[in-house]
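Bear in mind these aren't lab numbers, they're just calculated from the coordinates by the rules spelled out. Everything quoted here is computed from the prediction, not taken from an experiment. Don't worry about glycine lacking a Cβ; one is built from the backbone with ideal geometry, like all the others, and counts go over all protein chains shown.
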Amino acid sequence: MGGFDGEGLGISARLEPITPVCPPAVEKYSVFHPTPTSVPVYRRTFLATLPTLALAGCLRTLGLTDRVVLTEKRIEATELDLEAEAERSITLIARRETTAGPTYEDVHDDLEGRFDDDEPLVFEEELARELEAAYLDVTLHATICDTAPLNDPDAASGCREVSILTDDFNDCRVGDVLEVRSSDDGIGLLEVETRRDDRDS
């Protein structure tokens, strides 16, 4: 008996290219409770969870990742302005790329002397507890650029301000080349591609 090939029945087989499907991103909720001396405001911040290795590989396959240079890390807070009876955002500390290398700037009195200039900016648990007890809200931010030569912040291009999760904030340093996943809520770090100390330019 001959093999069945479907030709006599007008049946033809066609192979379609398979497009990988990434699992959906999961939202994480973070509720900040005000101190007794602050206004009774409760916030809910939506943050994308850290991608799993499987999701990271899938995003790379689909071309949904960005290669960027980190040029600034910043801790910001929201406080109550008693005179204006309104909330205001302030910068507590920033670490930026400068012509002399990464440097601390805009240091608030609350953090004066907290970091040595050659130390990376890290949001440790003890610091987080202190700041979250003193302010209505504490958030982490970064400036990322498409290109940014070392020690030449004026030559950076394609820069944008983004929010960033604590683990990602602590894992990367100013001047690092990163692979990230961008969303409306901020960025998720997939990989530190090149450390600043290992860059040629």
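Here are a few things to note about the model shown:
- Neighbours of residue 92, meaning other residues whose beta-carbon lies under 9 angstrom from its beta-carbon, give a summed charge of -2 when Lys and Arg score +1 and Asp and Glu score -1.
- A crude spin-label estimate for the pair residue 161 and residue 89, with each label 7 Å from Cα along the Cβ direction, gives 0.5 nm.
- Sparsely packed GluC sites (Glu not before Pro) within the range 68-165, loop by DSSP, other Cβ within 10 Å at most 15: 83, 85, 112, 124
- Computed lengthening from residue 171 to residue 107, 0.36 nm per intervening residue step minus Cα-Cα distance: 20.9 nm
- Radius 11 Å from Cβ of residue 143, net charge of other residues (Lys, Arg +1; Asp, Glu -1): +2
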